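Taken together, the values in this text are just the output of simple stated rules run on the coordinates, not laboratory data. Keep in mind it's a predicted model, so treat the numbers as computed, not measured. Neighbour counts are summed over all protein chains in view; Cβ atoms, including those assigned to glycine, are modelled from backbone coordinates with ideal geometry.
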Amino acid sequence: MAPAPSPINSQHVAVIGAGAAGLVAARELRREGHTVVVLDREKQVGGLWVYTPKVESDPLGLDPTRPIVHSSVYESLRTNLPRECMGYQDYPFVPRNDDPSRDSRRYPSHREVLAYLQDFATEFNIEEMIRFETEVVRVEPVNGKWRVQSKTAGGLSNDEIFDAVVVCCGHFTEPNIAQIPGIESWPGRQTHSHSYRVPDPFKDEVVVVIGNFASGADISRDISKVAKEVHIASRASGPDTFEKRPVPNNNLWMHSEIDTAHEDGTIVFKNGRVVKADTIVHCTGYKYYFPFLETNNYMRVDDNRVEPLYKHVFAPALAPGLSFIGLPAMGLQFYMFEVQSKWVSAVLSGRVTLPSVDEMMEDLKLSYETQEALGIPKRYTHKLGKSQCEYLNWIADQCGFPHVEHWRDQEVTRGYKRLGDQPETFRDEWDDDDLMEEAYEDFARQNLITFHPSRFLESGR
């Protein structure tokens, strides 16, 4: 980081998306002195966390002309990390014990996360910057600035020029589908977790769920409540894996990957087991997709790597006018949105400077080479894993933001271990009072809450 030689400049900035990333980006940009317009296709804040029973007409999301349903939230979804480590650094996600209608659980429902985001938007007067029911259809550089074309739900079109565009539209809308030999002739039904809401459509069926991370584990257990049988196909399992999982109906099995699908309706797993299935549910993640972005082929998505992007945020030759908040997946998402937003805001104002384009490209080349040497597939470029705190602390240093707190880092580490070790119970059984006391003392030091250590009143304990 180098100090800027010129005075701080106010920029006119478009933020695409009013979810968890867009809301904090708007706040940080305005705090830095920029004028901000947030564009969002929905009627309210929340992005991904706005639940809707609606699903897309194409359950696999293969038709690019389909009407898009932004949310991928299912009815039974609860967070897979404790609430305290999910919140923004200066706006803790603690239980609202003054409101009995709120969900005070450590791993709350999606509705509680949405309520938290609504509280955040109200606290910082963010809605006054948002144009709801406005879809961005094209973003392109023009003479050193950015043209943003949009249309409203009523069909009105708009064409505006901004100094910069910050893309905060998320990456949980464009389904990634497993490639299964023989699937073209398999006669059953297929859908993706993006279009999963409730288990009712799977009553008395034999269902194969592909994937066993957070959504796959949740959805398979949810479906097992009504299905005849549920079989999980997991790439993380060994080739001989076959085991029954503990669920009330005693009808859930874990397998290795799928080997082939056949026209008689059978699915053959690599462990040699064969089941005749009615439905396949792909819990196989999502693809980065920015159909509105036109950069004359400078930017592209190659095997789910968005490139070129310096530190997952800035497109070097287009920086600082184009940036992305929230591309890395998993981990401390809200903290990451906040610290990335502070960095972008400071760079746009001139208070913090970026390296040269050549230096950014060289850094990017080195990171790709390191990833390849470690045997990490290209499609995992934006999965930080154990390096997330190193990455987040590096960005924090650029803009003078505090490093990730010890308790927050450890909550994520322990949380994902519990998810792997005890997927059926990890949300309701834990042993982290040491970290929680540290967290609430930290909030109290910042005058964010009043903390009573002996009773954990604010934490709902």
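Which shape class, rounded, prolate or oblate, goes with the range 22-167 when its Cα gyration tensor gives a ≥ b ≥ c as root eigenvalues, a/c under 1.5 marks rounded, and past that a/b bigger than b/c marks prolate? Verdict is oblate for the range 22-167. Comparing PRO402, ALA121, ILE68 along the charge dipole axis of the chain, the residue lying farthest to the positive side is ILE68, per the Cβ-charge model. A simple spin-label model places the labels of ASN158 and ALA444 4.6 nm from each other, with each point 7 Å out along Cα-to-Cβ. Does anyone have the angle between helix 388-399 and the longest principal axis of the chain? Alpha-carbon axes, 0 to 90°, nearest 10? The angle comes out at about 10 degrees. Kindly express, to the nearest 10 degrees and within the range 0 to 90, the angle between helix 214-224's C-alpha long axis and the longest C-alpha principal axis of the chain. For 214-224 against the chain, the angle is about 40 degrees.
Normalising the average separation of contacting C-alpha pairs (under 8 angstrom, six or more residues apart) by the number of residues puts the relative contact order of the chain at 19 percent.
The equivalent ellipsoid that matches the C-alpha gyration tensor of the range 178-282 spans semi-axes of 18, 16, 13 angstrom, in descending order. Helix 433-445 and the longest principal axis of the C-alpha atoms of the chain enclose an angle of approximately 20°. Among LYS342/LYS417; LYS244/LYS270; LYS54/LYS386; LYS276/LYS378, which pairs are too far apart, with a Cα-Cα distance over 26 Å? The answer is LYS342/LYS417; LYS54/LYS386; LYS276/LYS378.
Highest average first, the peptides 238-251, 31-44 ordered by how many other beta carbon atoms sit within 10 Å of their residues are 31-44, 238-251.
Taking the DSSP beta bridges with both ends in the range 178-282, the antiparallel portion is around 35 percent.
Rounded, prolate or oblate: which one fits the range 384-439, using the alpha carbon gyration tensor with axes a ≥ b ≥ c (rounded when a/c is under 1.5, else prolate when a/b beats b/c, else oblate)? In terms of gyration-tensor shape, oblate. Subtracting the Cα-Cα distance of GLU75 and GLU123 from their residue separation scaled by 0.36 nm leaves 14.6 nm.
Protection proxy ranking of 342-351, 302-311, by the mean of other Cβ atoms within 10 Å over each peptide's residues and highest first, is 342-351, 302-311. Once you order the gyration tensor axes a ≥ b ≥ c over the Cα atoms, which shape class does the range 320-461 get: rounded for a/c under 1.5, otherwise prolate or oblate by comparing a/b with b/c? Because a/c hits 1.5 or more and a/b fails to exceed b/c, the range 320-461 counts as oblate. Here the contact order of the range 178-282, divided by its residue count and restricted to Cα pairs under 8 Å and six or more residues apart, works out to 35 percent.
Dipole magnitude for the range 1-103: computed about the Cα centre from +1 point charges on Lys and Arg Cβ and -1 point charges on Asp and Glu Cβ, it is near 140 debye.
Please report, in debye to the nearest 20, how large the charge dipole of the range 178-282 is about its Cα centre when each Lys and Arg carries +1 at its beta carbon and each Asp and Glu carries -1 there.
Taking the Cα centre of the range 178-282 as origin, the dipole is about 300 debye.
Each Lys or Arg adds one and each Asp or Glu takes one away; over the other residues whose Cβ falls under 10 Å from the Cβ of TYR196, this sums to -2. Per residue, the convex hull around the alpha carbon atoms of the chain comes to 157 Å³. Peptides 267-275, 353-361 ranked from most to least packed give 267-275, 353-361, packing being the mean of other C-beta atoms within 10 angstrom over each peptide's residues. Each of TYR88, SER224, GLY331 was scored by the projection of its Cα onto the charge dipole of the chain, and the greatest displacement toward the positive side belongs to SER224; charges sit on the C-beta of Lys, Arg, Asp and Glu. By the helix-only formula, in which each DSSP H run with n ≥ 4 contributes -39500 (n - 2.57) and the sum is divided by residues, the chain has a 222 nm mean residue ellipticity of -8000 deg cm²/dmol.
Each Lys or Arg adds one and each Asp or Glu subtracts one; over the other residues with Cβ under 14 Å from the Cβ of ALA233, this totals -1.
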